[in-house]
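J.: My structure is below; once you've seen it, I'll send some questions.
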Amino acid sequence: SLALVRSLNLSSTGDKHIKFIENLHLCQHLQVLNLNHNLIQRMERLSCLSHLRELQLTHNHIQRIEGLENLSGLQHLNLSHNRIEHVPLWLGRKLRSLHTLHLQHNLITSLYEVSRLRSLSSLSELSVAGNPASSLPHSRLFLLYHLRSLDRLDDLSVTPEERGHAHQRFDAEELERLQREVDGSQSELSRLRAEQEAAVTRLHQQEETNRALTAQTQTQQHTHTLLQQELHTKTQLLEKTTAELTRAFHRLYELEQELTFYKIDKKLSPLPPCSAQEVDTVAESPYIGKARHVRNTITSTTRNSSSSSSLQTQEASEVHTDMESSRPLLEDCRAHQSTGQDATPAVIRDGAEYFCRKLLTVLN
């Protein structure tokens, strides 16, 4: 069963090469894994191997150290003969159990990349030969000064004399470097404080602006409420005035009718009494005022045919003219009532002026 496998050698010695790391989750108790001499480009799918103690990945195409954050029990790591340029910061914090690290023949150009491993107190053996950084002067002393737990560096044992030379060579430089870092940190701190003060000032200004805008908004809302109340009051007053003018219009119209019939009754002579038979036939005679009902028959015995007929024709014509002239105003009023609207002020004003003129004409 794969779950019981403790050591697995997948290094290539023939024409077949592995390009991707996969299906290792089945080997949960794997402790030693050898993937040398393949075509692997990425260190992936290794986090499931929590029991792994040794990992061999030499002679591949790896460019980055990754995927090992969960392998806290890893003790031996061989990544030589790859294309690695940087040592990640997390390597010194996550792989606390690492004893041996081989990074020879990669593309590391700065010794400070390797000095990031100073927090690995358990690291005893390191190989960085074959990198561009290893050709720099005093590279060995520099690494011994920073990685003080090393017993072997590039397959050579570390002697106490080398450690003494390393301290003599780099103590002053290290102090200067640390002083430069402190000065840079202080400058950065001053800059950040200035930015913080500027941000606080802008924040206070923004708060003042927000308070002013809030007060302005509240004032506008209050003004809007007052205007709505005023508009509602004026609307009610306008509706009340319109209703009163409409009633006055109808009253003027009724008054005109009464005055017109009164004028007709005043000019006409009283008619003689009618027989009961004539009174019963009211459908033949229209109502023309206080003259009661008159039959639509021509009699020579009741009035002079010429003068009475002429007078009645003239009065009837005047009544018809008055009624026709006032009919548009009445129709406008009825149209507004039928649509549920009040009579417009223009209609009421025209009606009032018209009936005042008619009233003066009738009275004269």
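J.: Among the residues of the stretch 97-120, write down those that are under 25 Å from Ser50 (Cβ atoms), surrounded by fewer than 16 Cβ atoms within 10 Å (Cβ to Cβ) and at pLDDT below 90.
T.: Ser119
J.: For His59, work out the one condition from (1) in a loop (DSSP other than H, G, I, E, B); (2) more than 17 Å from Glu125 (Cα to Cα); (3) touching a residue at least 24 places away in the same chain (Cβ under 8 Å) it doesn't fulfil.
T.: The number of the failed condition is (3).
J.: Count, please, the residues in the stretch 78-106 that happen to be farther than 22 Å from Val32 by Cβ and within 49 Å of the chain's Cα centre (by Cα).
T.: Qualifying residue count, the stretch 78-106: 9.
J.: Next question, about the same structure. Go over the candidates Ser149, Ser72 one by one and state the one that is under 30 Å from Val5 (Cβ atoms) and part of a loop (DSSP other than H, G, I, E, B).
T.: Ser72
J.: Pull up the stretch 265-286, narrow it to residues that are touching a Lys or Arg at 6+ places or on another chain (Cβ under 9 Å) and part of a helix (DSSP H, G or I), then point me to the one that is modelled with the highest pLDDT.
T.: Residue satisfying both the conditions and the ranking: Asp265.
J.: Output the residues belonging to the stretch 33-49 that are in contact with a Ser or Thr (Cβ under 8 Å, 6 or more places away or on another chain) and either in a loop (DSSP other than H, G, I, E, B) or touching a residue at least 40 places away in the same chain (Cβ under 8 Å) (or both).
T.: Leu35, Asn36, His37, Asn38
J.: Taking the conditions exactly as written (touching a helix residue (DSSP H, G or I) at 6+ places or on another chain (Cβ under 8 Å), modelled with pLDDT under 95 and surrounded by fewer than 14 Cβ atoms within 10 Å (Cβ to Cβ)), does Arg93 satisfy them or not?
T.: yes
J.: Looking at the structure I just gave you, is Leu123 part of a loop (DSSP other than H, G, I, E, B), crowded, with 19+ Cβ neighbours inside 10 Å and aliphatic (A, V, I, L, M)?
T.: In short, yes.
The values are calculated or read from the model by the stated rules, or taken from the named source; none is laboratory data. The structure displayed is predicted, hence computed values, not measured ones. Please note: Cβ atoms are built from the backbone with ideal geometry, for glycine as well, and neighbour counts cover all protein chains shown.
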